[in-house]
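**Q** Structure in structure tokens, see below.
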Amino acid sequence: MTTVRLAPSARALVAVWLAVALAGVVLVLVVERSRGPLDDPDPARQRPGLLDTGSLPLPAPSIGGLEYADGPTVAFFARPAGVARLCRALSGDGLGGGVQVAVVLAAPEDVPLAGGCGAVAHLVVGPALAEGFGMPVPADGGYPVGYAIVDTRGRTRYRTLDPSAAARLDEVATVLGAVP
């Protein structure tokens, strides 16, 4: 029986390859464990950071009381558990001036939870708005949690699921900065 002896440089190369492969496996496991029920089932569509991806831009549905020509608009889609946190975040100056904000709730009973939002955002009950904006359905199959951005011509330019949008208003502001 012949044994093959690797040169020291070949051993080092195999060791590096094994270390990289192990690191890749660990990375995949960490990413998969961090996904939650409110995330997009297709991770490539969640928070892509690019305007007009896929079929966009598309005409945006009307959001009661808002005129898109008055400035770019962000429609946040929220569930009851996240409404108060979103409204507190919006009460700061995270999105800057000149931006219209709507918080779209799925049911009338969610409105009292958004009591502090009235001063900083239009509150809208409209489960059909999520479909009108083409919001993806989260992994749990429920109402989407994320946002859509509409330009001054009334076109949806960006939409994504983002269960942590309240903590990432700077990211929303960055996307808004690219919208005409």
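**Q** Do we have any residue at all in the range 121-140 that's in contact with a helix residue (DSSP H, G or I) (Cβ under 7 Å, 6 or more places away or on another chain), within 23 Å of ALA69 (Cβ to Cβ) and at pLDDT below 90? Even if it seems obvious, please write down each step before you answer.
**A** We begin by selecting, within the range 121-140, every residue in contact with a helix residue (DSSP H, G or I) (Cβ under 7 Å, 6 or more places away or on another chain); these are 121, 123, 125, 136.
If we keep only those that are within 23 Å of ALA69 (Cβ to Cβ) as well, we get 121, 123.
If we keep only those that are at pLDDT below 90 as well, we get 121, 123.
Yes.
**Q** List the strands (runs of 3 or more DSSP E) that sit entirely inside the range 117-180 and contain at least 2 residues that are hydrophobic (A, V, I, L, M, F, W, C). Spell out how you get there, then give the answer.
**A** Numbers: elements: 122-125, 146-150, 155-161.
Those strands (runs of 3 or more DSSP E) span 122-125, 146-150.
**Q** Here is a further query. Look through PRO57, PRO61 and report the one residue that is closer than 30 Å to ARG157 by Cα, touching a helix residue (DSSP H, G or I) at 6+ places or on another chain (Cβ under 9 Å), surrounded by 11 or more Cβ atoms within 10 Å (Cβ to Cβ) and at pLDDT 65 or above.
**A** Numbers: PRO57 fails: touching a helix residue (DSSP H, G or I) at 6+ places or on another chain (Cβ under 9 Å).
Among PRO57, PRO61, only PRO61 is closer than 30 Å to ARG157 by Cα, touching a helix residue (DSSP H, G or I) at 6+ places or on another chain (Cβ under 9 Å), surrounded by 11 or more Cβ atoms within 10 Å (Cβ to Cβ) and at pLDDT 65 or above.
**Q** Let me ask something additional. State whether one or more residues within the range 105-115 are assigned to a loop (DSSP other than H, G, I, E, B), at pLDDT 75 or above and farther than 18 Å from ASP170 by Cβ. Working first, answer last.
**A** Narrowing the range 105-115 to residues assigned to a loop (DSSP other than H, G, I, E, B): 106-107.
Going one step further and asking which of them are at pLDDT 75 or above, we end up with 106-107.
Right, trim to farther than 18 Å from ASP170 by Cβ and you get 106-107.
Within the range 105-115, one or more residues are assigned to a loop (DSSP other than H, G, I, E, B), at pLDDT 75 or above and farther than 18 Å from ASP170 by Cβ.
**Q** Please work out which one of (1) more than 24 Å from VAL124 (Cβ to Cβ); (2) modelled with pLDDT of 85 or more is the condition ARG11 fails and give its number.
**A** Going through (1) more than 24 Å from VAL124 (Cβ to Cβ); (2) modelled with pLDDT of 85 or more one by one, ARG11 breaks only (2).
**Q** Evaluate the following for GLY142: is it on the phi > 0 side of the Ramachandran plot and surrounded by fewer than 17 Cβ atoms within 10 Å (Cβ to Cβ)?
**A** Working: on the phi > 0 side of the Ramachandran plot: no; surrounded by fewer than 17 Cβ atoms within 10 Å (Cβ to Cβ): yes.
So GLY142 does not fit the description; no.
The values are calculated or read from the model by the stated rules, or taken from the named source; none is laboratory data. For clarity, every value in this text was computed on a predicted model and none was experimentally measured. Because the Cβ atoms are built from the backbone with ideal geometry, glycine has one as well, and the counts that use them run over all protein chains shown.
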